[in-house]
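Asker: Shown below is the structure under consideration.
The values are calculated or read from the model by the stated rules, or taken from the named source; none is laboratory data. What you are looking at is a predicted structure, and each value in this text was computed from that prediction instead of being measured. Cβ placement follows ideal geometry from the backbone for every residue including glycine, while neighbour counts extend to all protein chains displayed.
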Amino acid sequence: MSTLEIKDLHVSIDTEQGTKEILKGVSLTIRTGETHAIMGPNGSGKSTLASTIAGHPRYNVTGGTITLDGEDVLAMSVDERARAGLFLAMQYPVEVPGVTMTNFLRTAKTAIDGQAPALRTWTKDVKAAMQQLRIDADFAQRNVNEGFSGGEKKRVEILQLELFKPKFAVLDETDSGLDVDALKIVSEGVNRAHAEGKMGTMLITHYTRILRYIKPEFVHVFVDGQVVEEGGPELADRLEEEGYDRYAKGAGAASIAAAAAAAQA
Amino acid sequence: MTAEITTEKARIGAPSIAGFTEEGEGLVSAKVDHSHNHGVTVMSSRAERLTSFDVADFALPTGREEEWRFSPVRALANLLSDTATALDPEPAAAFTVDAPEGYLRTPLAPGAAPRGTVLTPADRAAVVASANADEALHLVIPAEAEPAEPLRILVHGAGAGRRSNAHFVLEAGANSRSVVIVEHTGAADHNGNVEVIVGEGAKLTVISVQLWEDDAKHLGQHDAQVGKDAVYKHIAVSLGGSIVRLNSNVRFSGEGAEAELLGLYYADAGQHLEHRSFVDHNEPNCKSNVLYKGALQGKNAHTVWVGDVLIQKQALGTDSYEKNQNLVLTDGCRADSVPNLEIETGLIEGAGHASSTGRFDDEHLFYLMARGIPEEVARRLVVRGFLNEIIQQIKVPALEERLTEAVERELAATNS
């Protein structure tokens, strides 16, 4: 049983207009076996949270802590975080020239496990995982993400999730840009990884439709860099009906606080 | 200027060329020049370029000429002058040949065939090399011979700034199978022409390896004529030297032939590595493939690739493709990449070109590191993977290994 704990996290970025605070005190705890949905309108800081957990250099942590089983994640380099068991399925996976998928997957697996995977079973595992995600076998010889469609890139992210077996997976809008079939395939992959019982999941999404296939136990609503409401799956249902409008700035801080209080009651 | 990230792709098949009739009449020559050069006169066809054995026909380049505009001509003054090889106290370059007995023939004087039957100098460097190489090294692979080991010509420069002129004539007899490695080490101002005759049905690979010391300069024209049903592969590997500029040209003397022009280069700070290729599809039903890949790192690392393909009117059934890819590893580099495709007939299998210059940047690094891969490993992974596509075409294991190690050493220098 592992715990990923985020406490009062403040994150800012440097812009041309100066420093801008994006996360304004976020606290969240995820344990093995749990699925947490982070929902919120565009620009609310959801992706910033994901990238900060992974250690993207663009984001400066100005306050708060992230720990994995008590270890200080913020003190780790990007690759150390991955080796410690954190995985970020990226919203916009980049194309990496010159590196074939096969070579990349094996190198990453070796780095994460601290030893090279047994060649025979590894090749079989990769093939099987690719098949389940309906990824063409010839992708193995192509360069990482090079020329892949948006949907293919997302499937390849989930392929890695299944192969690397992280302690915690952060899925940053993995559902965006997917058609229904692709969404199902990707969700099945996440559910398979989850079913092994050794992973906690943070599912970041703007829309509720992925929640038809991946069932969170906890839903957190993000607005303007803060969690404004928390609840169970029923909160997602409400969001589906009402949208994010009631959290809009016009609704006022008082009503947001009231909503948060109501949710916690 | 730092390299722009560019990707250009085109694939032209016979049916897709607008305005081409089935009889192939009324054709316009399609000229593709992606260099976006302004104020420079572009010749209407590559075929019109001057070739001559007479030094007087080639003025000293100023750097404004189409074929010299990317080159640091001022730094090349010694190589472009009509100067004999420096012999005192020792020749500027030593040549060692490793070939089966009887393959090495009596050297060829200028005008002694087959010298001069395939290679006519096409620029100032080649003409002064030709004029000042009194004896051309002549290697003949007999018909049907299949030497077990690659043939080797080692060129070792005796000292930086010392002028060397050389001319090699390589003949692959009909239906022979062979590999010739020309390896350059040491330092010199080396001007070297290589003339290649590939007989009918022969298979010849010529690998020119530039492992010069940092202060060497090297200009060269490598011309090949590929016979009926023959397969010719030319691989240029340029890692060392301060300036290297190689022209690899090929034309055909029969149908059914194939030519592959490959290149790998890795430019460090201040290094100028330039590769030009020209495939002249002058015969029907021949195939050509050009692929040059380069990495750049460090201030003022400069690479140039200019790839010309001409599909002449009579070259029906031609299948041709050319591609250049550059990987920019640091700021301050410049990669020029110019594919030129001229097509005079629509009745071809296909003709295409692609050029891309990409950066290995922080986002690539983040992606790989986010998968647990340490920074150093990530960098190596990308560069090695990128260049390996060429190295694995060499198919001489010992050389592949040496070049892989040489690339690793270049990589290690990125971080120093």
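Asker: Restricting to helices (runs of 4 or more DSSP H) lying wholly in the stretch A:59-173: which have 2 or more residues that are of a type in the set (Lys, Arg) and either within 10 Å of chain B (Cβ to nearest Cβ) or more than 27 Å from residue A:214 (Cβ to Cβ) (or both)?
Answerer: Hits in the stretch A:59-173: A:78-84, A:101-113.
Asker: Of all residues in the stretch B:345-369, count the ones that are within 8 Å of chain A (Cβ to nearest Cβ) and not in a helix (DSSP H, G or I).
Answerer: 2
Asker: All but one of (1) in a strand (DSSP E or B); (2) in contact (Cβ under 8 Å) with a residue 40 or more places away in the chain; (3) away from every other protein chain (no Cβ under 14 Å) hold for residue A:49; which doesn't?
Answerer: (1)
Asker: Restricting attention to the stretch A:20-46, which residues are without any contact (Cβ under 8 Å) to a residue 24 or more places away in the chain and outside any loop (DSSP other than H, G, I, E, B)?
Answerer: Across the stretch A:20-46, the qualifying residue is only A:20.
Asker: When you go through B:208, B:238, B:288 one by one, which is the residue that is within 16 Å of residue B:323 (Cα to Cα) and buried (at least 21 other Cβ atoms within 10 Å of the Cβ)?
Answerer: After applying the criteria, what remains is B:288.
Asker: Going through the stretch A:44-102 one residue at a time, which ones are among the polar types (S, T, N, Q) and either surrounded by 17 or more Cβ atoms within 10 Å (Cβ to Cβ) or over 22 Å from residue A:227 (Cβ atoms) (or both)?
Answerer: Correct list: A:44, A:47, A:48, A:51, A:52, A:77, A:91, A:100, A:102.
Asker: How many of the residues making up the stretch A:206-220 are modelled with pLDDT of 95 or more, buried (at least 18 other Cβ atoms within 10 Å of the Cβ) and either in a strand (DSSP E or B) or over 14 Å from the mean Cα position of the chain (by Cα) (or both)?
Answerer: Matching residues across the stretch A:206-220 total 3.
Asker: Say whether the condition of being crowded, with 24+ Cβ neighbours inside 10 Å, in contact with an Asp or Glu (Cβ under 8 Å, 6 or more places away or on another chain) and closer than 18 Å to residue B:102 by Cα is met by at least one residue in the stretch B:171-192.
Answerer: yes
Asker: Next question, about the same structure. Of all residues in the stretch B:375-416 being of a type in the set (D, E, K, R) and touching a residue at least 12 places away in the same chain (Cβ under 8 Å), which is farthest from the other protein chains (Cβ to nearest Cβ)?
Answerer: So, considering only residues that are of a type in the set (D, E, K, R) and touching a residue at least 12 places away in the same chain (Cβ under 8 Å), the one farthest from the other protein chains (Cβ to nearest Cβ) is B:395.
Asker: Starting from the stretch B:93-106, keep only residues that are assigned to a loop (DSSP other than H, G, I, E, B), then list their pairs with residues that are of a type outside the set (A, V, I, L, M) and surrounded by 13 or more Cβ atoms within 10 Å (Cβ to Cβ) whose Cβ atoms are within a distance under 7 Å, requiring at least 6 positions of separation or different chains.
Answerer: B:100/B:147
Asker: For the stretch A:211-232, which positions are within 16 Å of residue A:183 (Cα to Cα) and of a type in the set (Val, Ile, Thr)?
Answerer: Scanning the stretch A:211-232 gives a single hit, A:214.
Asker: Going by the conditions given, is residue B:409 among the basic types (Lys, Arg), closer than 28 Å to residue B:203 by Cα and surrounded by fewer than 21 Cβ atoms within 10 Å (Cβ to Cβ)?
Answerer: The answer is no for residue B:409.
Asker: One residue is enough: does the stretch B:65-84 have a residue meeting the conditions in a loop (DSSP other than H, G, I, E, B), buried (at least 18 other Cβ atoms within 10 Å of the Cβ) and of a type in the set (Phe, Trp, Tyr)?
Answerer: The answer is yes; a qualifying residue exists.
Asker: Could you pull out the residue among B:372, B:317 that is crowded, with 17+ Cβ neighbours inside 10 Å, at positive phi and either touching a Gly at 6+ places or on another chain (Cβ under 6 Å) or within 12 Å of chain A (Cβ to nearest Cβ) (or both)?
Answerer: B:372
Asker: Looking only at the stretch B:122-136, count every residue that is outside any loop (DSSP other than H, G, I, E, B), of a type in the set (A, V, I, L, M, F, W, C) and crowded, with 20+ Cβ neighbours inside 10 Å and tell me the total. Write out each step before concluding.
Answerer: Residues of the stretch B:122-136 outside any loop (DSSP other than H, G, I, E, B): B:124-132, B:136.
With the extra rule that they be of a type in the set (A, V, I, L, M, F, W, C), the set shrinks to B:125-129, B:131, B:136.
Still in the list and also crowded, with 20+ Cβ neighbours inside 10 Å: B:125-129, B:136.
Count: 6.
Asker: Here's another thing I want to ask about it. Is there any pair linking a residue in the stretch A:187-216 that is among the acidic types (Asp, Glu) to one that is surrounded by 14 or more Cβ atoms within 10 Å (Cβ to Cβ) and not in a helix (DSSP H, G or I), with Cβ under 9 Å and at least six apart or on different chains, and which?
Answerer: Close Cβ pairs (under 9 Å, with a partner that is surrounded by 14 or more Cβ atoms within 10 Å (Cβ to Cβ) and not in a helix (DSSP H, G or I)) amount to A:188/A:133; A:188/A:213; A:196/A:165.
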